[in-house]
1. Taking the range 310-333, which residues are near the ligand (Cβ under 8 Å from one of its atoms), at negative phi, in contact with a Ser or Thr (Cβ under 9 Å, 6 or more places away or on another chain) and assigned to a loop (DSSP other than H, G, I, E, B)?
2. Which fully enclosed strands (runs of 3 or more DSSP E) of the range 214-264 have 2 or more residues being open to solvent by 30 Å² or more (accessible area, probe 1.4 Å)?
3. Return the pairs, sorted by first residue and then second, in which the second residue is among the hydrophobic types (A, V, I, L, M, F, W, C) and open to solvent by less than 10 Å² (accessible area, probe 1.4 Å), the first residue lies in the range 276-291 and is more than 8 Å from the ligand (Cβ to nearest atom), the beta carbons are less than 6 Å apart, and the residues are 6+ apart or on different chains.
4. Could you please find all residues in the range 272-281 being in contact with a Ser or Thr (Cβ under 9 Å, 6 or more places away or on another chain) and either open to solvent by less than 30 Å² (accessible area, probe 1.4 Å) or part of a loop (DSSP other than H, G, I, E, B) (or both)?
5. Is the range 157-165 home to any residue that is of a type in the set (Lys, Arg) and not assigned by TED's automatic domain parsing to the domain that holds Pro124?
6. Just the residues that are under 24 Å from Gly223 (Cβ atoms) and more than 12 Å from the ligand (Cβ to nearest atom), please, taken from the range 336-353.
7. I'm checking my understanding of the structure. Among residues of the range 297-313 that are surrounded by fewer than 17 Cβ atoms within 10 Å (Cβ to Cβ) and at pLDDT below 95, which one is farthest from Trp247 (Cα to Cα)?
8. Among the residues that make up the range 69-77, is at least one of them in contact with a strand residue (DSSP E or B) (Cβ under 9 Å, 6 or more places away or on another chain) and within 28 Å of Arg134 (Cα to Cα)?
Amino acid sequence: MMAGDGLLVRVKPRLGRLTPVQAAGLAEAALACGSGSLDVTRRANLQIRGVSEAAWPDLLDRLVAFGLVDADGVAESRRNILVSPEWKPGDDTHRIAAALHDRLGELPALPGKVGFVIDAGAVPLLSAEPGDFRIERCSKGDLLLRAEGRAKGAPLRPGGEAQALLDLAQWFAVSGGPTAGRMARHAASLPDWANGGAEPARPKPALTPGMHELGAAYGLPFGRLKAQTLGQLAQMPGVRGIRTTPWRILMVEGGVPGEVDGLSIDPHEPLLRIDACPGMPECPQSSVETRELARRLAPHVAGRLHVSGCAKGCAHSGVADVVLTGRGGAYDLSFGQRAGAPPLRAGLDIDSLIAHFGAT
Ligand code: SF4
């Protein structure tokens with residue numbers, strides 16, 4: 001898709017994981033064909049920024065060669081699977097995601113943003129992350145199928161999970177789901193086999209930067225990453241892979257804490273409490289700069305700060321403690337709201353915001 005700084009090319013790593021070879025290949029491709037900037041999205045995908053029309057075919061060839069993009073465009077568009085980033089080889093999440101992946105060709109045509117969540121670890125981790133058709137652990141320990149927007153799901157027989165997801169997607173397609181757009185907005189009554197009374201188990205908190213069983217988790221301010229940094233991570237001694245997450249965190253399997261340019265392993269880093277979309281000039285819908293202002297305000301704002309280039313609020317759909325929304329070249333200020341909500345003060349410039357928060 002086109003952005004203010006060129007084409008934005010999305011890469012959806014299988015199982016949310018890059019091998020060191022793939023990570024190095026992706027970094028090289030982003031430098032050769034794009035601006036060298038990468039984003040980690042809220043669906044745990046990667047976006048290569050600043051790609052020119054001329055460089056696009058070369059980039060695609062490189063990504064296909066590294067197994068990062070499917071050569072078949074239809075298959076690529078169907079591969080919208082968010083998996084628990086704590087999966088281990090052979091566990092339920094791995095097994096179900098691999099089975100679904102092998103059968104993506106059986107899916108009906110679905111709206112572009114419709115996707116799957118496979119969160120089959122011992123304790124759920126992705127309960128707050130959107131996804132239309134879901135496999136989760138229920139409070140009794142079994143796996144369940146749950147449609148987004150429904151509080152409860154249907155218990156599953158072991159081995160039937162991928163088939164159940166395909167069946168639910170098929171039902172969505174023929175019952176008017178594409179008109180509603182997403183499962184959460186699709187009000188049709190579920191078929192009996194998908195309409196169980198099993199409650200999902202309580203989730204554990206999202207991952208935070210620091211050391212984990214799998215390795216070192218690094219936070220990415222604003223979800224932004226330099227291609228050189230990805231290459232550096234891939235070459236760290238002992239690294240077995242790099243996992244993406246929906247929380248602007250990269251899990252470096254086998255990694256140890258260290259200095260990595262632009263990333264933080266400190267869970268208390270103020271920049272990791274901030275949501276700020278790319279803003280001007282990268283997004284043509286923004287009339288204001290966002291991230292430099294967010295960096296200046298970060299140490300002076302208590303709680304969560306959201307700086308949004310416009311009322312759409314792409315970086316954070318929920319409420320934040322302090323919200324700045326760009327409009328007509330100035331900022332609207334609100335507290336405890338979503339981006340675009342009626343402001344407490346409107347039309348503020350950068351100098352008055354710096355003064356208001358006591359920043360420099
Ligand atoms: S919130 Fe607005 S300005 Fe920011 S990325 Fe989304 S559309 Fe662009």
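The values are calculated or read from the model by the stated rules, or taken from the named source; none is laboratory data. All values derive from a computational prediction rather than experimental measurement. Positions of Cβ are backbone-derived with ideal geometry, glycine not excepted, and every protein chain shown enters the neighbour counts. Note: areas computed on protein heavy atoms with side chains; ligands, DNA, RNA excluded. Shrake-Rupley method; radii C 1.70, N 1.55, O 1.52, S 1.80 Å.
1. The initial filter retains those residues of the range 310-333 that are near the ligand (Cβ under 8 Å from one of its atoms), namely 310-315, 326.
Imposing the further condition that a residue be at negative phi reduces the set to 310-312, 314-315, 326.
Okay, now just the ones that are also in contact with a Ser or Thr (Cβ under 9 Å, 6 or more places away or on another chain), so 310-311, 314-315, 326.
Those that are near the ligand (Cβ under 8 Å from one of its atoms), at negative phi, in contact with a Ser or Thr (Cβ under 9 Å, 6 or more places away or on another chain) and assigned to a loop (DSSP other than H, G, I, E, B): Cys310, Ala311, Cys314, Ala315.
2. Details: elements: 215-219, 224-226, 241-244, 249-253.
Those strands (runs of 3 or more DSSP E) span 224-226.
3. Correct list of pairs: Ala276/Ala294; Ala276/Val307; Arg291/Ala276.
4. Keep residues of the range 272-281 that are in contact with a Ser or Thr (Cβ under 9 Å, 6 or more places away or on another chain), which gives 272, 275-280.
Residues satisfying the conditions are Asp275, Ala276, Cys277, Pro278, Gly279, Met280.
5. Residues of the range 157-165 that are of a type in the set (Lys, Arg), as a first pass: 157.
Those still in the list that are not assigned by TED's automatic domain parsing to the domain that holds Pro124 too: none.
Looking through the range 157-165, none of the residues is of a type in the set (Lys, Arg) and not assigned by TED's automatic domain parsing to the domain that holds Pro124.
6. Gly336, Gln337, Ala341, Ile350, Leu353 - these are the residues of the range 336-353 that are under 24 Å from Gly223 (Cβ atoms) and more than 12 Å from the ligand (Cβ to nearest atom).
7. Just the residues of the range 297-313 that are surrounded by fewer than 17 Cβ atoms within 10 Å (Cβ to Cβ), to begin with: 299-300, 302-304, 311-312.
Add one more test, that the residue is at pLDDT below 95, and what stays is 299-300, 302-304.
Details: Pro299: 20, His300: 23, Ala302: 20, Gly303: 17, Arg304: 14 Å.
If we take residues in the range 297-313 being surrounded by fewer than 17 Cβ atoms within 10 Å (Cβ to Cβ) and at pLDDT below 95, then His300 is farthest from Trp247 (Cα to Cα).
8. So in the range 69-77, the residues in contact with a strand residue (DSSP E or B) (Cβ under 9 Å, 6 or more places away or on another chain) come out as 69.
Next, from what is left, pick out any that are within 28 Å of Arg134 (Cα to Cα): 69.
Among the residues of the range 69-77, at least one is in contact with a strand residue (DSSP E or B) (Cβ under 9 Å, 6 or more places away or on another chain) and within 28 Å of Arg134 (Cα to Cα), which makes the answer yes.
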